[in-house]
Amino acid sequence: MKIQIRPENKNDYKTISMVNDMAFGQKDEGILIERLRKNKKFIKELSLVACMGNEIIGHILFFPIKINSEKDSFDSLALAPMSVIPELQGLGIGSQLV
Ligand SMILES: CC(C)(COP(=O)(O)OP(=O)(O)OC[C@H]1O[C@@H](n2cnc3c(N)ncnc32)[C@H](O)[C@@H]1OP(=O)(O)O)[C@@H](O)C(=O)NCCC(=O)NCCS
């Protein structure tokens with residue numbers, strides 16, 4: 001099974017929401033991704049799709065966050081959400097996306 005991983009582009013937005021809706025069985029994550037995309041901190045190169053041929057079958061998003069301790073503040077990335085369509089879960093695609 002040959003999987004290609006690449007950054008998202010504008011043509012992928014609808015399918016990314018659909019893949020997340022299918023993986024999670026509800027629409028919250030698709031809506032979350034659409035909202036994060038509008039945030040000025042969004043890094044489009046860190047929203048990645050997994051493709052089998054021309055079909056998007058998985059997605060992963062890393063979003064910039066700040067971790068604050070009492071003394072320091074650290075820039076980091078949150079991994080969420082990630083999704084693989086139900087019929088292809090458990091085959092290692094999620095690991096490749098990470
Ligand atoms: C989570 C998800 C993206 C993983 O993708 P995948 O292609 O099925 O994962 P892989 O086959 O690469 O498995 C990677 C590892 O994650 C583990 N794993 C897979 N799904 C998991 C889950 N829901 N909870 C905990 N561990 C999980 C596997 O057991 C495997 O562990 P191992 O390497 O020790 O055996 C996919 O199962 C999915 O879309 N689930 C529904 C959505 C979801 O729960 N997303 C995560 C929260 S944002």
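Report every pair of residues separated by at least 6 positions or lying on different chains whose Cβ atoms are under 8 Å apart, first residue within the range 9-28 and within 11 Å of the ligand (Cβ to nearest atom), second part of a helix (DSSP H, G or I) and of a type in the set (G, A, S).
N20/G30; D21/G30
Quick one: in the range 46-98, of everything that is of a type in the set (S, T, N, Q) and assigned to a strand (DSSP E or B), which residue is farthest from the ligand (Cβ to nearest atom)?
First, pick out the residues of the range 46-98 that are of a type in the set (S, T, N, Q): 47, 54, 68-69, 73, 76, 83, 89, 95-96.
If we keep only those that are assigned to a strand (DSSP E or B) too, we end up with 47, 68, 73, 76, 83.
Values: S47: 13, N68: 23, S73: 25, S76: 17, S83: 4 Å.
Only one residue fits best here, namely S73.
Step by step: first the residues of the range 1-53, then only those that are among the basic types (K, R) and under 22 Å from Q96 (Cβ atoms), then the one that is surrounded by the fewest Cβ atoms within 10 Å (Cβ to Cβ). Which residue is that?
K2
So which residues in the range 54-95 are touching a residue at least 60 places away in the same chain (Cβ under 8 Å) and either farther than 20 Å from M18 by Cα or surrounded by fewer than 15 Cβ atoms within 10 Å (Cβ to Cβ) (or both), if there are any at all?
Pass one, the range 54-95, residues touching a residue at least 60 places away in the same chain (Cβ under 8 Å): 81, 83-86, 89, 91, 93.
The answer is P86, Q89, L91.
Every number in this text was worked out from the coordinates using simple rules, so none of it is lab data. Computed from a predicted model, the values in this text were never measured in an experiment. Quick reminder, even Gly has a Cβ in these numbers, built from the backbone with ideal geometry, and neighbours come from all protein chains shown.
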